[in-house]
Amino acid sequence: MYTATTVSTDQELEQILELQRQNLKQFISPEEKQEQGFLTVQFDLPLLQQLHAIAPSVIIKHQDEVVAYAMTVLLESRPLYKQIDAMFASFDQAQWKGKPLHDYSFYVMGQVCVSKAHRGQGLFDQLYAHHKTVYSPRFDFIITEISTSNTRSIQAHKRVGFETIYTYPDAIDTWNIVVWDWR
């Protein structure tokens, strides 16, 4: 049985880090990147502890094991999360539906991952459904960026309800900025 909840312990954060390590693009083959998707940014425990003190991320557990996570990053977390500062900077200049993004109430999906052994069980959709349950009363939408070469992730986000609002390059990659409107 799978249970969606939010992070509440350092043990869960450590399990997120292990799951992340197993799916970082530098540790998987080109074939796996193409077929299964990949993660770009690596976190450490102190950063996760700081992020989760501001807003806990959604996880899915199978028994006592974290088998999927979707990282919550509020705008207040920006000073802590320098690895994606280019994304935050792009938000400062962006518009959506004729208004600057900063006119909306939103937060960022910092990263999403499902354990290889538990893929194909609907956990990706379950992560986002729980995000909506927990955070939609406070926010208009959730936003994230996806590498344009991560076609599996792009397709999965589209299936959930995300739409691409623009694309931009930075020093690491070219990114689709996607929004899931909850209004």
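Read the figures in this text as sums done on the coordinates, not as results from a lab. From a predicted model like this one, the values you see are computed outputs, not experimental measurements. Neighbour counts are summed over all protein chains in view; Cβ atoms, including those assigned to glycine, are modelled from backbone coordinates with ideal geometry.
Pairs linking a residue in the stretch 19-43 that is closer than 13 Å to Ile172 by Cβ to a residue that is outside any loop (DSSP other than H, G, I, E, B) and of a type in the set (Ser, Thr, Tyr), with Cβ atoms under 8 Å and 6 or more positions apart or on different chains, are Phe38/Ser147; Thr40/Ser147. Of the residues Thr167, Thr133, the single one that is surrounded by fewer than 18 Cβ atoms within 10 Å (Cβ to Cβ), farther than 18 Å from Ala70 by Cα and of a type in the set (Ser, Thr, Tyr) is Thr167. Filtering the stretch 26-40 to residues that are surrounded by 15 or more Cβ atoms within 10 Å (Cβ to Cβ) and either of a type outside the set (S, T, N, Q) or in a helix (DSSP H, G or I) (or both) leaves Ile28, Lys33, Gln36, Gly37, Phe38, Leu39. Here Ser8 meets each of (1) of a type in the set (Gly, Ala, Ser); (2) surrounded by fewer than 12 Cβ atoms within 10 Å (Cβ to Cβ); (3) within 14 Å of the chain's Cα centre (by Cα) with one exception, condition (3).
Taking every residue in the stretch 142-168 that is free of Cβ contacts under 8 Å to residues at least 24 places away in the same chain and pairing it with any residue that is surrounded by fewer than 18 Cβ atoms within 10 Å (Cβ to Cβ) and in a strand (DSSP E or B), at least 6 positions away or on another chain, the pairs with Cβ-Cβ distances below 7 Å are Thr167/Thr174.
Within the set Pro79, Pro30, Pro56, the sole residue that is out of contact with any helix residue (DSSP H, G or I) (no Cβ under 8 Å at 6 or more places or on another chain) and under 20 Å from Lys132 (Cβ atoms) turns out to be Pro56.
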